[in-house]
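Chemist: Sending over a structure as structure tokens; questions will come in a sec.
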Amino acid sequence: MAYLRTHTLPRHLLLAVLAALLLLLLTYLLPPYRNYQLATAGAYVCATAGLTVLVGLTGQLSLGHGALMATGAYAYALVSDKLVDGGTTGIPLLVVSLVAAILATMVVGFVLGLAGARLHGPYLAGLTLTLVIVVPAITTTFAGTLGGDQGLSVTVDPPPVGLGAAFPFERWQAWITLTAAILTVFVLANVVHGRPGRQMRAIRDDEVAARLSGIDVARTKVGAFVLSAATAGLGGGLLAVLTQSVAPGAFSLTFSLFLLMAVVIGGLGSLAGAVWGAILIVVLPDLADSLAEAMPVSSNLAERLDGNLAIGVFGLIVIGVMLAVPGGIQGLLVALVRRLRGRRPAASGPADVGPAGPAAPGPGVDADRPDASGPSGPEPAADPARPRTPSSGSPSTTTE
Amino acid sequence: MDRFLFLTVDGLARGAVFAAFALALVLIWRGTRIVNFAQGAMAAATTYLGYSVTAASDSYWLGLVAAVFGGLVLGAIVERGLMRFVDVRSPLNAVIVALGLVLVIHSILGIVYGSRYRAMQVPFSRESIEIGGTALLSPYDLFVFGTVLLVMVGLALVFTRTDIGLRMRAAAFAPDMSRLLGVNVGRMLTLSWALAAAVGALAAMLVVPTEFGAHPHSTDLVFVYAFTAAVVGGLDSPAGAVVGGLVVGLVLSYVSGYADGDLSAVAILVLLIGVLLLRPNGLFASTTARQV
């Protein structure tokens with residue numbers, strides 16, 4: 001356990017494998033429709049995980065991740081269409097198209113990131129909001145290529161024959177998106193816990209101090225935006241695979257706001273929180289709709305409640321979270337775990353505090369020797385001190 | 001040439017509305033350093049209020065007054081009941097809370113009114129009057145110009161000539177010092193929000209009837225255009241917001257007149273990116289020291 005606590009990469013690998021096994025089991029237990037929902041959540045996780053890193057770690061507020069997902073989805077549709085014409089099928093078709101989706105979105109993210117690196121808070125939010133609003137106008141302007149309001153249809157091949165003829169399509173879709181989601185979270189987790197993550201946090205907390213410590217602020221900000229855009233593009237491509245179509249209506253302003261609200265509710269800056277948020281985007285509308293159906297109201301009102309109720313509940317939860325529990329769901333969970341562990345003497349803080357602890361004195365200094373302090377160097381000294389001041393002493397977690 | 005003249009006048013008429021809406025954003029930004037991302041949704045709500053009152057009383061003017069008065073109340077409620085409790089240490093928090101409010105308002109409007117467009121009446125003809133053989137202004141355009149001008153002059157007088165305007169400026173400029181000198185800073189903030197929301201409500205009442213009509217999302221684009229206008233002008237400057245609004249109106253008018261209506265939104269995106277990349281603090285900003 002001590003080895004896993006100090007070695008980030010093996011720990012994340014182990015967690016990724018465990019998550020994969022668990023989800024694999026789940027896809028066999030769930031009925032097709034639930035598998036489809038699981039697959040949708042997987043696609044959302046890609047986008048929300050990237051978004052939470054961008055907003056939570058660098059402090060750049062993007063309302064435009066819906067538009068970035070649209071970029072990925074359209075790129076997927078266009079490239080896969082060309083590939084199908086060229087005779088590519090099966091997994092190569094899927095992988096090449098997804099890579100194209102990622103690359104195309106990275107280009108858009110780079111341009112936005114360049115603007116974002118120079119802008120503060122509300123300016124970047126307004127710019128990205130504008131981007132979301134003009135998505136339908138762009139698709140109608142280039143209706144010849146992008147299909148206007150109707151959008152494009154996407155060819156998705158059936159599961160490989162090796163899996164058997166009766167293999168459910170929904171399970172195959174779940175496998176695709178969950179694989180991508182696990183890969184995304186794994187990569188992001190390593191970025192967040194490594195030097196780039198420390199630099200991002202330093203910039204968020206004090207840009208001038210970060211620059212004085214030798215951090216290239218502009219490069220880190222643009223890099224974070226491009227990384228975040230890449231995962232959003234992947235998520236968009238996966239949505240295209242799931243719905244087998246791409247249309248501007250799927251990437252509305254409300255959808256973009258949902259993504260942001262999801263990461264806020266889950267816990268800004270926390271990858272686990274991004275997963276909670278993605279699940280929420282899938283589950284909450286479902287719950288709200290069943291609630292609306294259960295209410296004894298006229299069919300006219302029921303029709304209006306459909307969809308709208310979920311939007312309102314989302315908004316209310318976000319406001320409540322911002323005012324009362326800024327750490328979100330993950331913050332609550334971490335606090336709960338800490339309280340449970342607080343009574344036991346040998347316990348240490350949550351895993352994320354371990355490797356981040358030595359980084360506290362100065363990101364610039366620490367960055368030059370990522371693991372040079374040795375596997376067990378600072379741990380014994382830091383450990384006993386922590387449980388004594390569980391509530392006020394610990395300065396930082398990922399969900400601050 | 002006639003066409004150019006027509007498009008210019010048309011653009012200025014549309015721009016006047018965006019200028020008023022941008023002014024509402026600037027009012028709140030100067031007072032609180034918050035860009036009120038819920039301004040559009042709040043204006044959509046008051047527009048529905050105006051629509052309902054007009055429908056019930058069959059009077060456009062009662063609806064207009066109801067919308068503006070509703071804006072005053074809504075602005076005060078939002079500040080007093082919500083924004084005041086937001087932790088302002090991170091500038092993101094206020095934006096996120098405002099966006100949550102957007103979702104709540106959209107949801108309530110969708111549940112109460114449904115999602116179909118409600119056509120709204122205008123008090124004057126929208127047929128252009130011919131001046132010297134050229135179709136230029138409609139009576140409604142003149143009404144819009146007059147109303148916006150009235151609002152701007154009124155605001156300018158309030159802020160520069162009255163005691164309460166001075167207190168509002170003091171509360172925005174140096175809250176702690178004003179508090180020591182006996183200004184009720186909290187009340188001034190509430191007043192700023194109420195005023196801003198009322199101006200936003202008025203602007204929305206002027207522009208929404210000329211588009212498709214009342215709809216929960218009818219003011220989304222208006223907000224984006226007004227935000228662009230405010231950024232062009234520098235967010236901090238009321239005069240800049242007015243000029244920015246007119247610039248945005250002209251760009252929209254020229255692009256949809258000479259190129260394609262669908263392109264006009266894209267043109268605004270290009271304008272916004274251009275201004276932000278070249279002069280992030282707006283065209284009218286004086287150089288300020290970076291706050292460390």
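Chemist: Restricting to region A:304-335, give me the number of residues that are among the charged types (D, E, K, R) and more than 8 Å from chain B (Cβ to nearest Cβ).
Modeler: The total comes to 1.
Chemist: Output the residue which, of all residues in region A:116-135 that are more than 26 Å from A:Pro248 (Cβ to Cβ) and either in a helix (DSSP H, G or I) or at pLDDT 85 or above (or both), is farthest from the other protein chains (Cβ to nearest Cβ).
Modeler: A:Ala117
Chemist: Restricting attention to region B:74-101, report how many residues are surrounded by fewer than 16 Cβ atoms within 10 Å (Cβ to Cβ), more than 8 Å from chain A (Cβ to nearest Cβ) and more than 24 Å from A:Leu309 (Cα to Cα).
Modeler: 3
Chemist: Let me ask something else. Answer yes or no as to whether A:Ala165 is within 21 Å of the chain's Cα centre (by Cα) and closer than 30 Å to A:Ala19 by Cα.
Modeler: No.
Chemist: Hey, B:Ala214 hits all of (1) over 16 Å from B:Val248 (Cα atoms); (2) at pLDDT 90 or above; (3) buried (at least 24 other Cβ atoms within 10 Å of the Cβ) but one; which does it fall short on?
Modeler: Looking at each condition in turn, B:Ala214 falls short on (2).
Chemist: May I ask you to list the residues in region A:139-156 that are among the hydrophobic types (A, V, I, L, M, F, W, C) and either touching a residue at least 12 places away in the same chain (Cβ under 8 Å) or outside any helix (DSSP H, G or I) (or both)?
Modeler: Those that are among the hydrophobic types (A, V, I, L, M, F, W, C) and either touching a residue at least 12 places away in the same chain (Cβ under 8 Å) or outside any helix (DSSP H, G or I) (or both): A:Phe142, A:Leu146, A:Leu152, A:Val154, A:Val156.
Chemist: How do the helices (runs of 4 or more DSSP H) wholly within region A:1-108 filter down when requiring 2 or more residues that are in contact (Cβ under 8 Å) with a residue 24 or more places away in the chain and within 14 Å of chain B (Cβ to nearest Cβ): which remain?
Modeler: Hits in region A:1-108: A:32-52, A:65-86.
Chemist: Of all helices (runs of 4 or more DSSP H) completely enclosed by region A:211-330, which ones contain at least 3 residues that are farther than 26 Å from B:Asn93 by Cβ?
Modeler: Once the helices (runs of 4 or more DSSP H) in region A:211-330 are filtered for at least 3 residues that are farther than 26 Å from B:Asn93 by Cβ, what remains is A:217-243, A:271-294, A:299-324.
Chemist: Hey, another quick one. Return yes or no: is A:Gly151 buried (at least 20 other Cβ atoms within 10 Å of the Cβ), under 19 Å from A:Phe255 (Cα atoms) and away from chain B (no Cβ under 14 Å)?
Modeler: yes
Chemist: Is one or more of the residues making up region B:27-38 in a helix (DSSP H, G or I) and closer than 26 Å to B:Arg126 by Cβ?
Modeler: Looking for residues that are in a helix (DSSP H, G or I) and closer than 26 Å to B:Arg126 by Cβ, one finds none in region B:27-38, hence no.
Chemist: Evaluate the following for A:Gly113: is it out of contact with any helix residue (DSSP H, G or I) (no Cβ under 8 Å at 6 or more places or on another chain), within 14 Å of chain B (Cβ to nearest Cβ) and of a type outside the set (A, V, I, L, M, F, W, C)?
Modeler: Answer is no for this residue.
Chemist: Does A:Ala294 fit the bill of being modelled with pLDDT under 90, more than 23 Å from B:Asp87 (Cβ to Cβ) and away from chain B (no Cβ under 13 Å)?
Modeler: Judged against the criteria, A:Ala294 is a match.
Chemist: Considering each residue of region B:103-127, count those that are at the interface with another protein chain (Cβ under 7 Å from one of its Cβ atoms) and either in contact (Cβ under 8 Å) with a residue 24 or more places away in the chain or of a type in the set (Asp, Glu) (or both), and give that number.
Modeler: Summing the residues that are at the interface with another protein chain (Cβ under 7 Å from one of its Cβ atoms) and either in contact (Cβ under 8 Å) with a residue 24 or more places away in the chain or of a type in the set (Asp, Glu) (or both) in region B:103-127 gives 3.
The values are calculated or read from the model by the stated rules, or taken from the named source; none is laboratory data. Predicted model only: the values in this text are computed from it and were never measured. Using ideal geometry, Cβ is built from the backbone for each residue, glycine included, and neighbour counts are taken over all protein chains shown.
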